[in-house]
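The structure appears right after this line, and notes come after that.
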Amino acid sequence: MSNREQHHTPPASGTRILRRGTDRTETWIGWLLIVLTFLGTPSAALGTHAYVSRSSLRVVHSEQLTRRPATARLLRDTPPVTGTTATNLVDAPVRIDRPGRAPYDTNAPFPADEHAGTTTRVWVDVRTGHTVPPPLTQAQADRGAAMAAALAGLSVPFCSLVAWTSARWLLDDRRYKQWDAEWEAFEPRWSRKFGHRD
């Protein structure tokens, strides 16, 4: 190979000689976030699903043991539905009849515009006697765990995107400052060489 051919052969590194430290940092951050996203998304989803499932299962078992159905008999007419009523339920005095326990009076949500003596089915806490929502079912617990897992899985790529955007902003800011500093050092020499040409 002649000296001329060797002289015109481009360097093996190609355009790498133009890359700055911030460019290499940006590349490494990008690859790191890609790996974390691919590994972290399924891990976060599966881990969240397992944790929420265990927690929900304990709630299901607890509520099934402590909540029982009962009959609530309305003691006083309930007012009719008005335009300011968010639902058709109002807090009303009722008498609770439950097998194995003497009847007792308490307050419970009851349909509006009902007459005294009307009965409805309610759930009561066997420890306190207060009316409570129906116990959580296994199907509801499974749906809650699935939704939590989906949100956890989506949060990983979202956080990676936020991290990538923040890193790009910081690196670009550093590049601009570095370019300004280099131009301040180079501009006087450039002006002396080209600024006074005819």
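In this structure, P133 does not satisfy being touching a Lys or Arg at 6+ places or on another chain (Cβ under 8 Å), more than 30 Å from W28 (Cα to Cα) and without any contact (Cβ under 8 Å) to a residue 12 or more places away in the chain. The residues on offer are D113, D91, and the sole one that is of a type outside the set (V, I, T), surrounded by fewer than 13 Cβ atoms within 10 Å (Cβ to Cβ) and in a strand (DSSP E or B) is D91. Filtering the range 131-167 to residues that are assigned to a loop (DSSP other than H, G, I, E, B) and surrounded by 15 or more Cβ atoms within 10 Å (Cβ to Cβ) leaves P135, L136.
For every residue, the table says whether it meets (1) among the β-branched types (V, I, T); (2) touching a Lys or Arg at 6+ places or on another chain (Cβ under 7 Å).
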site: T118; (1), (2): yes, no
site: V124; (1), (2): yes, yes
site: A145; (1), (2): no, no
site: A149; (1), (2): no, no
site: S160; (1), (2): no, no
site: T165; (1), (2): yes, no
site: L171; (1), (2): no, no
site: E184; (1), (2): no, no
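The condition of being of a type in the set (S, T, N, Q), loosely packed, with under 13 Cβ neighbours inside 10 Å and in a loop (DSSP other than H, G, I, E, B) holds for only one of T128, T78, that being T128.
Return the total of residues in the range 98-124 being out of contact with any Ser or Thr (no Cβ under 6 Å at 6 or more places or on another chain) and closer than 16 Å to V60 by Cα. Counting residues in the range 98-124 that are out of contact with any Ser or Thr (no Cβ under 6 Å at 6 or more places or on another chain) and closer than 16 Å to V60 by Cα gives 1.
Looking only at the range 117-176, residues that are within 30 Å of A70 (Cβ to Cβ) and among the basic types (K, R) come to 3 in all.
The residues on offer are V52, V81, V90, and the sole one that is under 40 Å from the mean Cα position of the chain (by Cα) and free of Cβ contacts under 8 Å to residues at least 24 places away in the same chain is V90. In the set P93, P109, P135, P79, only one residue is closer than 30 Å to L154 by Cα, in contact with a strand residue (DSSP E or B) (Cβ under 7 Å, 6 or more places away or on another chain) and not acidic (D, E); that residue is P135.
Among the residues making up the range 1-44, those that are modelled with pLDDT under 75, not small (G, A, S) and not in a loop (DSSP other than H, G, I, E, B) are N3, R4, E5, Q6, H7, H8, T15, R16, I17, L18, T22.
Quick grid of which residues meet (1) at pLDDT 90 or above; (2) within 25 Å of L39 (Cα to Cα); (3) among the hydroxyl-bearing types (S, T, Y); (4) under 36 Å from the mean Cα position of the chain (by Cα):
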site: R98; (1), (2), (3), (4): no, no, no, no
site: D125; (1), (2), (3), (4): yes, no, no, yes
site: V132; (1), (2), (3), (4): yes, no, no, yes
site: T137; (1), (2), (3), (4): yes, no, yes, yes
site: D142; (1), (2), (3), (4): yes, yes, no, yes
site: L154; (1), (2), (3), (4): yes, yes, no, yes
site: L170; (1), (2), (3), (4): no, no, no, yes
site: Y176; (1), (2), (3), (4): no, no, yes, yes
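The values are calculated or read from the model by the stated rules, or taken from the named source; none is laboratory data. From a predicted model like this one, the values you see are computed outputs, not experimental measurements. Here Cβ is always computed from backbone atoms with ideal geometry, including for glycine, and neighbour counts include all displayed protein chains.
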